[in-house]
Amino acid sequence: MAIEIPRIPLGDWIEGGLDFLTTEYSGVTRGISRITQTGISGLNDGLMWLPEWALMAIIALLCWSLAGIRLAIGAIIGLALIWNLDLWDPMIESLTLVVIATLVAVVIALPVGIAAALSEKLYKLIMPVLDFMQTMPAFVYLIPAIPFFGIGSVSAIFATVIFSMPPAIRFTTLGIRQVPTELIEASDAFGSTRSQKLFKVQLPLSLPTVMAGINQTIMLALSMVVIAAMIGADGLGNEVWRAIQRLRPGDGFEAGIAVVILAMLLDRMTQAFRKKRKQ
């Protein structure tokens, strides 16, 4: 005779928790939504206001100052191709979402990573949570975003921040914990306070590792922004999603190339900044 084990209603508990949060804190979520939407619209309108050639020149100059002429020429060629494919506006929309999501993720991740590096108990508590967050399928993060913020770019920002934050926390913690103990002991010997030791020794020495985490956060943010087209986010992901719905593989391939170009630019620029700070 088979023993029947009652099913744990985990899904019902999660739905009940989401319903409670959305009901009790609807005012908070609406306020966050308005602020976030204002930031998205402001940055997007500002980038759209610039002529295409002017923004290309600014990005090329930035690439030149960070990594040299080769990256600057590559940036011009890649951005010119996006412009030629009539994907400039979707590219700007995707860039806006990536920039805002990355800024929010880094603002949250850096203090958490620093706290985890300085506290062994917090470190042991946070690491399993980060493992859980990084192994969760990306699409799952879209589910709680909709009840809180509805369909659109704000939900995309929410899901992107949660999805892209773990690497920044991990690398910040790793960088601080890898600072040689001899330097920590030397700063203690000179009578440094805890804040002086953190801001003048640990953080400067861990900056290359922290920048590597920010680089990974940017890449994950871009991938999530593309996926978030499923919940109404604008940008290149929306172009890919529209091509899938209309069975137009050529359009989807063009939008995919634009995503690759944007990803390569962001990756090379952050890596060049990291190497420059390391020298």
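The values are calculated or read from the model by the stated rules, or taken from the named source; none is laboratory data. Because the structure is a prediction, the values reported are computed rather than measured. Using ideal geometry, Cβ is built from the backbone for each residue, glycine included, and neighbour counts are taken over all protein chains shown. Each accessible area value is taken on the protein alone, full model and side chains, heavy atoms only, with ligands, DNA and RNA left out. Shrake-Rupley method; radii C 1.70, N 1.55, O 1.52, S 1.80 Å.
I'd like the full set of residues that are open to solvent by less than 70 Å² (accessible area, probe 1.4 Å) and either of a type in the set (Lys, Arg) or assigned to a helix (DSSP H, G or I) (or both), limited to region 233-253.
Answer for region 233-253, where residues must be open to solvent by less than 70 Å² (accessible area, probe 1.4 Å) and either of a type in the set (Lys, Arg) or assigned to a helix (DSSP H, G or I) (or both): Leu236, Gly237, Asn238, Glu239, Val240, Ala243, Gly250, Asp251, Gly252.
Does Ile261 satisfy being crowded, with 17+ Cβ neighbours inside 10 Å and either part of a helix (DSSP H, G or I) or basic (Lys, Arg) (or both)? Step through it out loud before you land on a result.
Working: crowded, with 17+ Cβ neighbours inside 10 Å: yes; either part of a helix (DSSP H, G or I) or basic (Lys, Arg) (or both): yes.
Considered against the rule, which asks whether it is crowded, with 17+ Cβ neighbours inside 10 Å and either part of a helix (DSSP H, G or I) or basic (Lys, Arg) (or both), Ile261 comes out as yes.
Please specify each residue of region 57-71 satisfying the condition of being touching a residue at least 40 places away in the same chain (Cβ under 8 Å) and open to solvent by 50 Å² or more (accessible area, probe 1.4 Å).
Listed by number, the residues that qualify are Leu62, Ala67.
Please go through region 185-195 and pick out each residue that is over 17 Å from Ala116 (Cβ atoms) and either open to solvent by 80 Å² or more (accessible area, probe 1.4 Å) or of a type in the set (A, V, I, L, M) (or both).
Once the filter is applied, which keeps residues that are over 17 Å from Ala116 (Cβ atoms) and either open to solvent by 80 Å² or more (accessible area, probe 1.4 Å) or of a type in the set (A, V, I, L, M) (or both), region 185-195 yields Glu185, Ala186, Ala189, Phe190.
Can you tell me which residue is least open to solvent (accessible area, probe 1.4 Å) among those in region 1-37 that are outside any helix (DSSP H, G or I) and aliphatic (A, V, I, L, M)?
Restricting to residues being outside any helix (DSSP H, G or I) and aliphatic (A, V, I, L, M), the top hit is Ala2.
Tally the residues that are open to solvent by 80 Å² or more (accessible area, probe 1.4 Å) and closer than 12 Å to Pro167 by Cα, restricting the search to region 107-134.
The number of residues fulfilling the criteria is 1.
Could you count how many residues in region 151-168 are closer than 22 Å to Ala212 by Cα and either among the aliphatic types (A, V, I, L, M) or assigned to a loop (DSSP other than H, G, I, E, B) (or both)?
Of the residues in that region, 6 qualify.
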